[in-house]
Every structure is written in C-alpha cells, then in structure tokens.
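Everything below concerns the one structure shown next.
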Amino acid sequence: MGRGVAQSGSAPALGAGGPRFESGRPDSIKMLMFALLRSDMGNLGTINTRSESARSLMQLYDLRREQKLRDARAWVVRSFNPGSVEDFVSIMQDEDYTYVRMVFGYWDMAASFVVFGAIEREMFTAVSGEMLATYCKVEFMIDELREKINQPSLLVNVQKVVEEWPGAQDRMAHLREYLRGIYLS
C-alpha cells in the first residue's frame, strides 16, 4: 500500500512508536496526554523540527473538536464574562463552572507545551487567538483571583505565553470589549 490516508487503526496517533487508537486519533484528553508524554514531546526542552511542532499543534486542534470541549469553549467565549473576582467566585457555584475548568485547563496545558519548548512559540501564537479570547476575561484580575480561590498556578502558562506575545495586550483589550458586547446583546 502506497503513501496516503492512513487506514483506521493503522497509524500511530502521534507518529512512529506512539500509541495506536481505533480511529487513529486520541479519544480523550487523558489519552492525548499519555501519547504526548510517550512521544518525542516527552523530551521537553527543545523542539526537534518545525514539522513536529506543527504535528503537535494539529493534535491540540484535533482535541478541540471533541464535542464537550467545543460546547465548553463556546460557552466560555460567549457567556462567561466575570467583571470581578466576586463574579468569578459566584460562577464557581454554578454547574457551568465545569466549562470554565475544562477550557482553562485545555489552554494552560497547550501553553505549557510552548513554555517548555515542545511547540514553537511563533507557530502557536499564529493559530491560538482563541486563547487570548479566553484569557482576556480574567487577565485584568488574575493575581487577585489566584489569591482569592487559592490557586496560585491558575493559567500561569497562559500568562507566560501572553507576556511574550507581541501585541497581545492590545488584542485582548479589543476582544474584552467585543465579547462583552456579544454577551450583553
């Protein structure tokens, strides 16, 4: 059989030597993390090639397509708009807080791959604007929020990536106003 589209179950999820899945892609976040740790990305510190970084980004994108995470991302972008730490704490009492935890966890995990050198920063920021749309909702109160809810590492990897992302502050200011307008309409 020549090169082309992998047949179901025939291709490793994360390249040669990685775990195989029935569909050819990870079925859960836990399986993706296991596969990433077993792949070359387990050797954090340097990125071997741009193509490996691109492959990792595609795997993160594939994970974003999981229906529960899609629903959570949509809710956070459209409906999650805390104006203060007190607003955030009140949302923590609501069942929708599960969405916040899922989305924050996803983006902090993705950002950690950049922070630790598994994904190239420039490539990541070129395709991860949604992370800014998520982070801008709490960035203005992040230190106070971490202290209030006793989570000192909340979005710390996202913060590190954003701090080195040219133009991120201006973009988040625009996004914050734009998304607040969507929420109020």
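The values are calculated or read from the model by the stated rules, or taken from the named source; none is laboratory data. What you see is a predicted model, and the numbers here were worked out from it, not measured in a lab. Reconstructed Cβ throughout: ideal geometry from the backbone, glycine too, with neighbour counts over all protein chains shown.
Is it the case that some residue within segment 63-79 is among the aliphatic types (A, V, I, L, M), in a helix (DSSP H, G or I) and surrounded by fewer than 17 Cβ atoms within 10 Å (Cβ to Cβ)?
For segment 63-79, residues among the aliphatic types (A, V, I, L, M), in a helix (DSSP H, G or I) and surrounded by fewer than 17 Cβ atoms within 10 Å (Cβ to Cβ): present.
Can you tell me which of 110, 126, 133 is within 22 Å of residue 61 (Cα to Cα), in contact with a Ser or Thr (Cβ under 9 Å, 6 or more places away or on another chain) and either in a helix (DSSP H, G or I) or among the basic types (Lys, Arg) (or both)?
Every option except 110 fails the conditions.
Which residues, taken from segment 81-136, are touching a Phe, Trp or Tyr at 6+ places or on another chain (Cβ under 7 Å) and surrounded by fewer than 19 Cβ atoms within 10 Å (Cβ to Cβ)?
Across segment 81-136, the qualifying residues are 81, 82, 91, 96.
Tell me yes or no: at least one residue of segment 96-106 is closer than 21 Å to residue 175 by Cβ and at pLDDT below 95.
yes
Pick from segment 52-70 the residues that are of a type in the set (Lys, Arg) and modelled with pLDDT of 95 or more: which of them is farthest from residue 129 (Cα to Cα)?
68
Which residue is farthest from residue 136 (Cα to Cα), if the candidates are limited to segment 86-121 and must be among the charged types (D, E, K, R) and in contact (Cβ under 8 Å) with a residue 40 or more places away in the chain?
Looking at residues that are among the charged types (D, E, K, R) and in contact (Cβ under 8 Å) with a residue 40 or more places away in the chain, I get 120.
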